[in-house]
Amino acid sequence: MAVQSRDLRSPVRSGGSSVRPLVAAPRVSLHTFVYVITCLLALLAIYAIMGNVVSWGRERIDDIRYGTPRTFHIDEVVGHNDGAGTPSHFIAMNLNRQVVVIEIPGGETDKMRTITGPYLVGAGEDKTPVLVSFDDINGDGSRDMIVNVKNEAIVFLNSDGEFKEMTPEDRARMAAGQ
């Protein structure tokens, strides 16, 4: 028996030309298309699920931090029957979508005052925390109250022993530098 060797990768084929294209055109099969679409749908589902999980987590953190209804407490000396040893206590609440701030001047509960803010409109606004900070906004030497709800700040000026919401005239006076 004699051993013969032949080149099986010969460019010459029977009944055809001897020229082959250098680069074959890529063919996208139906299976590849279905795989890509399935991956995109899976990513979209993961994105939607993660959005809900993050939203749920934020709400639980706010439940722990502010309770239900959303409540925030702060002590501050604002000049209303208070001093360094007995600061006024402020309780800011989102009470059924109504912003309410309760002031207990100098810890004297018989002189409590309620300051009402805006009504919150929109889906889920009953869970929005209301925060309070203090600063001298108009430069009169007394600390004014700033109520922060989401990205909005509502200023209450400290005048005549109580907090009054800032009016357009007050804004114009401050802008003019008076």
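Read the figures in this text as sums done on the coordinates, not as results from a lab. Because the structure is predicted, anything quoted here is derived from the model rather than measured. Cβ sites come from the backbone with ideal geometry, for glycine too, and all protein chains shown count toward neighbours.
Cut-off is 10 Å between beta-carbons; in what order do L30, L43 appear when sorted fewest neighbours first? List each step's numbers first, then the result.
Numbers: L30 7, L43 10.
Ascending Cβ contact count within 10 Å gives the list L30, L43.
By count of other Cβ within 10 Å, fewest leading, how are V147, V34 ordered? Let's see the in-between values first.
Working: V147 24, V34 10.
Ascending Cβ contact count within 10 Å gives the list V34, V147.
If I fit a long axis through the Cα atoms of helix 30-66 and take the longest principal axis of the Cα atoms of the chain, what angle between them do I get, 0 to 90°, rounded to 10?
20
Between R65 and E165, what is the label-point separation in nm under the 7 Å Cα-to-beta-carbon projection?
2.6
Rank these for me by crowding, K127, K111, going from fewest to most other beta carbons within 10 Å. The partial results should precede the final answer.
Working: K127 17, K111 13.
Ranked by crowding around the Cβ, least crowded first: K111, K127.
If you look at just the Cα atoms of the chain, how large are its Rg and its Dmax in Å?
Both quantities, over Cα of the chain: 35.4, 121 Å.
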